[in-house]
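Step one of this worksheet: look at the structure below.
The values are calculated or read from the model by the stated rules, or taken from the named source; none is laboratory data. As the structure is a prediction and not an experimental result, all values here were calculated from the model. Neighbour counts run over all protein chains shown; Cβ positions are idealised from the backbone, glycine included. These area figures cover heavy atoms from the full protein model, side chains too; ligands, DNA and RNA do not enter into them. Shrake-Rupley method; radii C 1.70, N 1.55, O 1.52, S 1.80 Å.
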Amino acid sequence: MRTIITAITIFLLSLDGFAQQLPIGDCGIVYIHDAAGNRTRRIYFCNNGNDPYPTGTVPVVPAAVSPSLSQTSREEILAKEAANFEVLAVDVLYPNPTSGVFTITFRNVLNDAIITVVDSNGKTVKKSITNGINFSCDLSALSAGNYFIRIQQGKQIITKKLVKI
C-alpha cells in the first residue's frame, strides 16, 4: 500500500513540472496555465537546459538580460521580443471533413505564404500564394481521401490534415 501511495504522489508531482517539457535542444510552443488550469497564453520556448522552464508567474528572461534589471524592465524586454517574433499558426481549418470548399483562418496576417495541397501519395494537387488572415480553397474536383495542407511563410512551415468526403 505504501508503494502505491508513493507512486501516485510521484506521478501527481510530475504532472506539474513535466506535463509540457520540451526535450533539451528542442524549441516549440509552450502553453502557460493559471492556478485553475486555464490556458492564459502561449509562448515560443527553446529548452537549452539552462534557462528556467516558463511558468505562469515568472516571465522567461533571456540569458543576455542582466539580472540587475528591475522586474518591470525584464517584462518590457520580453514584450518587445514577443512582438518581434510571430509564430505561424492556424486558428481554424473548417469544415473538416469537407465535401469541397474549406477555409483556413490564421492567427497572424500572412504575406506571400505558399499553400500546397498534397494527397496521401505525396503528389501536389494544388498550390497557391496567399496574403491576409483567411484562405479558401475548392477541392470538389478531387476524389475523396486524406489530404495534407502545407503552409509555408519564410522559413516557417506547418502541415494540417484535411479529410475530403
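Just for segment 90-104: of the residues that are assigned to a strand (DSSP E or B) and over 14 Å from the mean Cα position of the chain (by Cα), which one is nearest to Lys164 (Cα to Cα)? Explain how you work it out, then say what you get.
Within segment 90-104, the first condition is being assigned to a strand (DSSP E or B), and the residues that meet it are 90-94, 98, 101-104.
Filter again for over 14 Å from the mean Cα position of the chain (by Cα), leaving 93-94, 98, 101-104.
On the way: Leu93: 13, Tyr94: 11, Thr98: 5, Val101: 10, Phe102: 10, Thr103: 13, Ile104: 15 Å.
Only one residue fits best here, namely Thr98.
For segment 9-38, the set of residues classified as over 18 Å from Gly49 (Cα atoms), at pLDDT 60 or above and of a type in the set (A, V, I, L, M, F, W, C) consists of Ile32, Ala35, Ala36, listed by residue number. Does Ala83 satisfy the criteria of being at pLDDT below 90, closer than 30 Å to Ile24 by Cα, surrounded by fewer than 14 Cβ atoms within 10 Å (Cβ to Cβ) and in contact with a Phe, Trp or Tyr (Cβ under 9 Å, 6 or more places away or on another chain)? So Ala83 fails the test. Among the residues of segment 153-162, those that are open to solvent by 50 Å² or more (accessible area, probe 1.4 Å) and of a type outside the set (D, E, K, R) comprise Gln153, Gly154, Gln156, Ile157, Thr159.
With respect to Ala144, determine if the residue is among the small types (Gly, Ala, Ser) and open to solvent by 30 Å² or more (accessible area, probe 1.4 Å). If you could, list the steps in order and put the result at the bottom.
Values: among the small types (Gly, Ala, Ser): yes; open to solvent by 30 Å² or more (accessible area, probe 1.4 Å): yes.
Yes.
Hey, which of the strands (runs of 3 or more DSSP E) in segment 108-165, taking only ones fully inside, have at least 1 residues that are under 15 Å from Pro97 (Cβ atoms) and either in contact with a helix residue (DSSP H, G or I) (Cβ under 8 Å, 6 or more places away or on another chain) or touching a residue at least 60 places away in the same chain (Cβ under 8 Å) (or both)? Qualifying strands (runs of 3 or more DSSP E): 156-164. The conditions of being under 20 Å from the mean Cα position of the chain (by Cα), surrounded by 17 or more Cβ atoms within 10 Å (Cβ to Cβ), farther than 23 Å from Tyr31 by Cβ and hydrophobic (A, V, I, L, M, F, W, C) are met by Ile115.
If I ask for residues that are among the acidic types (Asp, Glu) and at pLDDT 90 or above, which ones from segment 91-142 would you list?
From segment 91-142, those among the acidic types (Asp, Glu) are 91, 112, 119, 138; that's our starting set.
Matches in segment 91-142: Asp112, Asp119, Asp138.
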